[in-house]
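Engineer: Please read through the structure below; I'll follow up with questions.
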Amino acid sequence: MSHKKKPEDLRSFRWFGPDNMRGFSHRSRMKQLGFRQEDFTGRPVIAIVNTWSEINPCHAHLRERAEAVKKGVWKAGGFPVEIPAFSVSETYAKPSPMLYRNLLSMDTEESLRSLPVDGAVLMGGCDKTTPGLLMGAISMDLPAIYLPAGPMLRGNWNGQPLGSGTDLWKFWTERCAGTITEDDWIGIENGIARSPGFCMTMGTAATMTAVAEALGFTLPGASSIPATDSNHVRMAINCGERAVEMVWDDWKPSDFLTLQSFENAIAVDMAIGGSTNAFIHLAALAGRCGLKLEMNTFDEIARRVPVVADIRPSGRFLMEDFFYAGGLRALMSEMKDLLHLDALTVNGATVGANLEGARVLNPEVIRPREKALVESGGTAVLYGNLCPDGAVIKTSAASPALLRHTGPAVVFKDYNDMDARINRDDLNVTADSVLVLQNAGPLGGPGMPEWGMLPIPKKLLPAGVRDMVRISDARMSGTAYGTCVLHVSPESFVGGPLALVREGDLISLDVEKRRLDLLVPDEELAARRAAWVKPAPKYARGYMALYAERVTQAHRGCDFDFLDQKLPTPEPEIH
Ligand code: FES
């Protein structure tokens, strides 16, 4: 096979090749690590960017998996180096892991830029790590391949399968309603997460790893393999091997990521009933490629793509079932007419070629299109005087009866206000009310926390109320469900119209018309706007201050404005 690059063309050769004092220093330090000159000089140096951490259970196996990647790199004639990257744990990173996605992207980009590496295998999976790693790799634009951590095994309680997040919300509501016991609750806590791997519902992690595969950033089928399946180990070896080939062939993200790749990713996101978070992450990823994804593009694609993955929270099954049903390749093979089959991918082949031979093995889990879970429009983009720059609603996880609804607002000025009042007996709320949460957006949260599925007020639970229209500038966990309007842009903290909503105002939601409106006269809104006082910044120093100064709004992907573009950053000079 002829390669585009020769050993002396390798980026790492700039560090290890020259016969000068710096070259001596770089080589001698590799020898200090126990490597021979022929191990690392003139061979592709592959960074294994690993988001493993002992405080991130979704990535618990990635330390071990890095060794499998190394096997593949060595076998293909490369030199592997494992590099740690910020392990943004969805469970533990506070106040919101979303704050740190951009930091992980910078960590990835700058590690790759500053070190003597020629290519990368990126390892992540827990919600923010997929977009964070990919954003950094796109900006650096070295040959790079993504190895998703894979979903954990199904949860189990009393013989019932349990789904991450989805069953937590469901049983918490039942616990609040007094319909399950303390022992039941502990049993669920013990059984809901029982192996390494990311959340095994179609949450943000499973959505974003599927999106990564649809973009062409993984080897075919990689995103569906459960974390603990031995297929995952073999996939890791394959990724190591492929990364070395990519370096010789100079096959970079900019060579295969196009607008068509993004349209494929959006179509797949819709077909799997994916998390609304994908809207934000895809906008940010596209921005790093110098592409602009309009909110309307999401809506247009959603209107023609049916939701066929019968996976919680929209459906019944879990990611382990999805893998046994044929996984993402099987699902994509059923929607070939909705994809750009000539889009290229990380293995150098087209999407169409990568789908050859794929088939659905269980039509209950991956449904035929004529039996789709939702015919089209699993997620809708709304506009109106309450969200001039857009908002989203996951219709596949909402109550059909509430998709057209007008009701009086019950307004919470921030999360603490909601937490303090939502369960009070004197809350002025009925099942027809519209719950509004302000100051939960990119700056208001900060970090747009996943507060968008506001809890149903306790006083309504005995009457059987389990869903209501809820509106916020927050995000919602991909494992959550309900009639929740999210990502209202611009956010209330910067004076978006959501900041002007007052108790009792009528709000109208009409998903079919894609409208979200505050039914208050324009003059009254103008008066409220004139009286609105801009809140003081929440952080005066550190990363948070940088975040507050440079983060963009939800419809632009919440990236930093100085990263949201395709401008070359110079290679480091080696002195
Ligand atoms: Fe890591 Fe859900 S907590 S994917």
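Engineer: For the charge dipole of the chain, defined by +1 on Lys and Arg C-beta atoms and -1 on Asp and Glu C-beta atoms about the Cα centroid, which residue among Ser223, Val81, Gly34 has the Cα displaced farthest towards the positive pole?
Structural biologist: Final value for the positive-end residue is Gly34.
Engineer: For the stretch 296-405, what is the largest minus smallest coordinate of the Cα atoms on each principal axis, given in angstrom and ordered from greatest to least?
Structural biologist: Reported extents, whole Å, longest axis first: 47, 30, 22.
Engineer: Mind computing the radius of gyration and Dmax over the alpha-carbon atoms of the stretch 290-329? Å is fine for both.
Structural biologist: Here Rg and the maximum Cα pair distance are 13.9, 38 Å.
Engineer: How high is the FRET efficiency from Lys6 to Arg36, r the C-beta distance, R0 35 Å, rounded to 0.05?
Structural biologist: 0.95
Engineer: For the chain, what's the relative contact order in percent, using C-alpha pairs closer than 8 Å and at least 6 residues apart?
Structural biologist: Computed over the chain, the figure is 13 percent.
Engineer: Using Stokes-Einstein with the Kirkwood hydrodynamic radius over Cα pairs, what translational diffusion coefficient do you get for the stretch 1-95 at 37 °C and a viscosity of 0.692 mPa s, in µm²/s rounded to a whole number?
Structural biologist: It comes out at roughly 215 µm²/s.
Engineer: Moving to a separate point now. Leaving out ligands and nucleic acids, note down the accessible area per residue over the stretch 273-320 with a 1.4 angstrom probe, in whole Å².
Structural biologist: On the way: 1260 Å² over 48 residues.
Heavy-atom accessible area per residue stands at 26 Å².
Engineer: Restricting the calculation to Cα positions, tell me the Rg (one decimal) and the Dmax (whole number) of the stretch 343-440 in Å.
Structural biologist: 21.2, 62
Engineer: So, one more: Using alpha carbon centroids, what distance separates the stretch 350-384 and the stretch 31-70, in Å?
Structural biologist: That distance is 36 Å.
Engineer: If the stretch 117-191 were replaced by its equivalent ellipsoid, with semi-axes equal to the square roots of 5 times the Cα gyration tensor eigenvalues, what would those be, largest first, whole Å?
Structural biologist: Numbers: eigenvalues 318, 32, 10 Å².
Equivalent-ellipsoid dimensions as semi-axes: 40, 13, 7 Å.
Engineer: Take the Cα atoms of the stretch 386-475, build their convex hull, and give its volume per residue in Å³.
Structural biologist: Cα-based convex hull of the stretch 386-475, divided per residue, equals 100 Å³.
Engineer: Can you tell me what the convex hull of the Cα atoms of the stretch 251-297 projects to on average, as an area in nm²?
Structural biologist: Reported value for the Cα convex hull: 3.3 nm².
Engineer: Which of the peptides 131-142, 148-159 is most tightly packed, and how do the rest follow, judged by the mean count of other Cβ atoms within 10 Å per residue?
Structural biologist: The most tightly packed comes first, giving 131-142, 148-159.
Engineer: For the chain, list the cysteines whose Cβ sits under 4.7 Å from no other cysteine Cβ?
Structural biologist: Cys176, Cys199, Cys239, Cys289, Cys387, Cys484, Cys558
Engineer: A follow-up question, please. Using only Cα positions of the chain, each an equal point scatterer, no hydration layer, compute I(q)/I(0) via Debye at q = 0.12 Å⁻¹ and quote the log10 values to two decimals.
Structural biologist: -1.14
Engineer: Mind giving me the nanometre distance, one decimal, between the label points for Arg515 and Asn362, set 7 Å out from Cα along Cα→Cβ?
Structural biologist: Result for the modelled spin labels: 4.4 nm.
Engineer: A further question follows. Multiply the residue separation of Ile83 and Arg63 by 0.36 nm, subtract the distance between their alpha-carbon atoms, and state the gained length in nm to one decimal.
Structural biologist: Answer, rounded to one decimal: 6.1 nm.
Engineer: What translational diffusion coefficient, in µm²/s and rounded to a whole number, does the Stokes-Einstein relation yield for the stretch 93-252 at 20 °C and a viscosity of 1.002 mPa s, taking the hydrodynamic radius as the Kirkwood radius over Cα pairs?
Structural biologist: Answer from the Stokes-Einstein relation: 125 µm²/s.
Engineer: Could you work out what % of the accessible surface of the stretch 86-239 is carbon and sulfur, using a 1.4 angstrom probe and leaving DNA, RNA and ligands out of the count? Display every interim value, and only then the final one.
Structural biologist: On the way: 2400 of 4360 Å².
That fraction is 55 percent.
Engineer: While we're here: Sort the following peptides by mean Cβ neighbour count (other Cβ atoms within 10 Å, averaged over residues), highest first: 490-501, 7-18, 117-128, 230-241.
Structural biologist: Averaged packing, sorted descending, gives the order 117-128, 490-501, 230-241, 7-18.
Engineer: On to the next question. Can you compute the radius of gyration and Dmax for the stretch 49-134, using only the Cα atoms, both in Å?
Structural biologist: Looking at the stretch 49-134, its Cα Rg and Dmax stand at 13.0, 44 Å.
Engineer: Grab the DSSP H runs of the chain that are 4 residues or longer, score each as -39,500 (n - 2.57), total them, divide by all residues and round the 222 nm result to the nearest 500 deg cm²/dmol.
Structural biologist: Numbers: 20 runs with 196 residues, N = 575.
Rounded to the nearest 500, it is -10000 deg cm²/dmol.
Engineer: May I ask for the Kirkwood hydrodynamic radius of the stretch 520-572, worked out over all distinct Cα pairs and given in angstroms to one decimal?
Structural biologist: That comes to 14.4 Å for the stretch 520-572.
Engineer: Tell me the carbon and sulfur percent of the accessible area for the stretch 522-575, rounded to whole percent, probe radius 1.4 Å.
Structural biologist: 57 percent
Engineer: Just to be sure I understand the curve: with the Debye formula and one point per C-alpha of the stretch 165-323, what is log10 I(q)/I(0) at q = 0.12, 0.19 Å⁻¹?
Structural biologist: -0.64, -1.22
Engineer: So how far, in whole Å, is the C-alpha centre of the stretch 508-540 from the one of the stretch 2-28?
Structural biologist: The distance from the Cα centre of the stretch 508-540 to that of the stretch 2-28 comes to 58 Å.
Engineer: Provide the packing ranking of 72-82, 258-268, i.e. peptides ordered by the mean count of other C-beta atoms within 10 Å per residue, highest first.
Structural biologist: 258-268, 72-82
The values are calculated or read from the model by the stated rules, or taken from the named source; none is laboratory data. Just so you know, these numbers come straight off a predicted model, no measurement behind them. Every residue, glycine among them, receives a Cβ derived from its backbone with ideal geometry; neighbour counts consider all protein chains shown. Keep in mind that these areas ignore ligands, DNA and RNA; they rest on the heavy atoms of the full protein, side chains included. Shrake-Rupley method; radii C 1.70, N 1.55, O 1.52, S 1.80 Å.
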